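J.: Mind looking over this structure? Questions follow.
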Amino acid sequence: QVQLVESGGGLVQPGGSLRLSCVVSGSNFALSTMGWYRQAPGKQREQVATIEWGGIKKVADSVKGRFTISGDIAKDTVYLQMNSLKPEDTAVYYCHGARYGTNYWGEGTLVTVSS
């Protein structure tokens, strides 16, 4: 069974940085895309950044210039470097993977930006 496990969330002050990691286990095939979504209290889940097989990266406008996605889909790992964090970045961050129309989700890791 495919599992995505996130790590790296926590409490950080405004302007600070965090790095999220996601590792895939239980898969005998490579995913075609991996990425990060987030869901803030009372809001819908939104896409933050994705990386596709071949290295094509997309980053949401709301985090462009502050967040960087990296990793190697072939090695089942993806990272999200978050700099210059703002209180509005507070959310549960979910690792996502997909292949052949099937979506896989991690359980999420909480990021809280507060002084």
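The values are calculated or read from the model by the stated rules, or taken from the named source; none is laboratory data. On a predicted model such as this, the values are computed, not experimentally measured, just so you know. Glycine gets a Cβ as well: all are built from the backbone with ideal geometry, and neighbour counts include every protein chain shown. Keep in mind that these areas ignore ligands, DNA and RNA; they rest on the heavy atoms of the full protein, side chains included. Shrake-Rupley method; radii C 1.70, N 1.55, O 1.52, S 1.80 Å.
J.: Could you look at the stretch 10-90 and say what percent of its accessible area is carbon and sulfur, using a 1.4 Å probe and all protein chains?
T.: Ligands and nucleic acids excluded, carbon and sulfur give 49 percent.
J.: Something else now. Give the accessible surface of the chain per residue, rounded to a whole number of Å², with probe radius 1.4 Å and ligands, DNA and RNA excluded.
T.: Spelled out: the 1.4 Å probe surface of the chain, per residue, equals 54 Å².
J.: With θ set to phi - 60°, apply the Karplus curve 6.51 cos²θ - 1.76 cosθ + 1.60 along the stretch 99-115 and write out the HN-Hα couplings as whole Hz, x wherever there is a Gly or Pro.
T.: 7, 6, x, 9, 9, 10, 10, x, 7, x, 9, 7, 10, 10, 10, 7, 8
J.: May I ask you to list the residues of the stretch 13-46 whose amide nitrogen lies under 12 Å from a point 7 Å from Cα along the Cα→beta-carbon direction of Gln81?
T.: Inside the label zone: 18-20.
J.: Right, here's the next one. Describe numerically, in nm with one decimal, the distance between label points set 7 Å from Cα along Cα→Cβ at Ser17 and at Ala40.
T.: Roughly 2.3 nm, to one decimal.
J.: Using θ = phi - 60° and the Karplus curve 6.51 cos²θ - 1.76 cosθ + 1.60, what whole-Hz ³J(HN,Hα) does each residue of the stretch 78-95 get, with Gly and Pro shown as x?
T.: Listing the rounded values in order: 8, 10, 9, 8, 10, 10, 6, 5, 10, x, 6, 7, 4, 4, 8, 9, 10, 7 Hz.
J.: Right, another one. Just add up the charged neighbours of Ile73: K/R +1, D/E -1, any other residue whose Cβ is under 15 Å from the Cβ of Ile73.
T.: Residues near Ile73 contribute +1 overall.
J.: I'd like the Kirkwood hydrodynamic radius of the chain, using the inverse of the mean 1/r over distinct C-alpha pairs, in Å.
T.: About 14.0 Å for the chain.
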